[in-house]
Amino acid sequence: MNFGLGGNTDVKAWKDIWGCGQGIGNIDEVLSAGELVAKLSREYDTALARIKTLIQ
């Protein structure tokens, strides 16, 4: 797609524009849904424990 002037200037719906966002560089592994939930749970527990030590 040409988003500049003079080229393909038809209006595009967001569903037609493919992009990966700015966080794509942070992806370093592909996980199943179960693995991702377990990872997020572990990270949450770790962060919560750290917060608790900081506020005591």
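The values are calculated or read from the model by the stated rules, or taken from the named source; none is laboratory data. It should be emphasised that the depicted structure is a prediction, and the values quoted were computed from it without experimental measurement. Here the Cβ positions follow ideal geometry from the backbone for every residue, glycine too, while neighbour counts run over all protein chains shown.
Descriptive notes on the structure:
- GLY25 vs. criteria loosely packed, with under 10 Cβ neighbours inside 10 Å and either modelled with pLDDT of 90 or more or in a helix (DSSP H, G or I) (or both): yes
- Among the residues of region 28-39, just one is surrounded by 10 or more Cβ atoms within 10 Å (Cβ to Cβ) and under 13 Å from the mean Cα position of the chain (by Cα), namely LEU36.
- Any hit, region 12-20, residues being among the aromatic types (Phe, Trp, Tyr), in a helix (DSSP H, G or I) and either modelled with pLDDT under 70 or in contact with a helix residue (DSSP H, G or I) (Cβ under 9 Å, 6 or more places away or on another chain) (or both): yes
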